[in-house]
Amino acid sequence: MTRKAKPRAPHSSPLIQVAAGLIVREGRYLIARRKIGTHLGGLWEFPGGKCEPGESLEDCLRRELREELGIDVSAPVHFRTIRHDYPEKTVELHFFRCAISRGEALALDCEEIRWVMPDEMTDYEFPPADRPLVEALQQEGERIADGI
């Protein structure tokens with residue numbers, strides 16, 4: 001199912017639609033450090049980016065991962081959507097599970113990348129909008145470790 005980015009509501013702060021990839025390999029998730037000098041520069045995030053007008057979230061994710069990391073991914077599967085209000089804008093983050101289908105991830109349009117276990121994610125500073133997802137992945141990791 002292709003998800004279209006939702007249109008912005010009139011008379012409100014700008015709503016930014018973002019697609020982000022939850023790319024996992026051997027239990028480790030790929031995270032990227034935002035470029036210094038950009039909005040939230042220096043913080044860690046799940047790679048992805050803003051949707052262009054008329055672009056589906058899945059197409060946005062594929063484009064952004066190609067541009068930022070030089071990879072192609074398998075069909076993205078929606079995992080969770082988180083809406084967060086910053087003072088100047090509102091972001092709606094659409095997180096998708098996916099796997100690398102071609103290429104090896106490189107830090108092309110970010111400061112650096114790392115593969116981290118869910119329980120290591122608290123060692124990295126994420127934007128406020130990403131924190132609920134970090135907690136969800138950590139809880140999921142705990143359930144898997146406990147055999148639930």
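All of the numbers you see were taken from the coordinates with simple rules; none came from a lab. Everything numeric in this text was worked out from a predicted model, so none of it was measured. Methodologically, a virtual Cβ is constructed for each residue, glycine included, from the backbone with ideal geometry; neighbour enumeration extends over all protein chains shown.
Rounded to the nearest 20 debye, the dipole magnitude of the chain is 540 debye, with +1 charges on Lys and Arg beta carbons, -1 on Asp and Glu beta carbons, and the Cα centre as origin.
Run lengths n ≥ 4 of DSSP H only: what is the helix-derived mean residue ellipticity at 222 nm for the chain, with -39500 (n - 2.57) per run over all residues, to the nearest 500? Let's see the in-between values first.
Details: 2 runs with 28 residues, N = 148.
Theoretical 222 nm ellipticity from helices: -6000 deg cm²/dmol.
For the chain, the longest principal axis of the Cα atoms and the long axis of helix 57-69 meet at an angle of about 60 degrees.
Absence of a disulfide-compatible partner, taken as no other cysteine beta carbon within less than 4.7 angstrom, is noted in the chain for Cys98, Cys110.
Cut-off is 10 Å between beta-carbons; in what order do Thr81, Thr38 appear when sorted fewest neighbours first? Please list the in-between numbers first.
Working: Thr81 15, Thr38 11.
Ranked by crowding around the Cβ, least crowded first: Thr38, Thr81.
Taking amide H atoms as placed 1.01 Å from N in the peptide plane, the amide H of Arg80 lies under 5 Å from those of Phe95, each 5 or more residues away in sequence or on another chain.
At q = 0.12, 0.14, 0.18 Å⁻¹ the log10 of I(q)/I(0) for the chain amounts to -0.48, -0.66, -1.10, computed by Debye summation with a single uniform scatterer per C-alpha, solvent ignored. Most simply put, the chain has about 70% antiparallel DSSP beta bridges, counting only bridges with both residues inside it.
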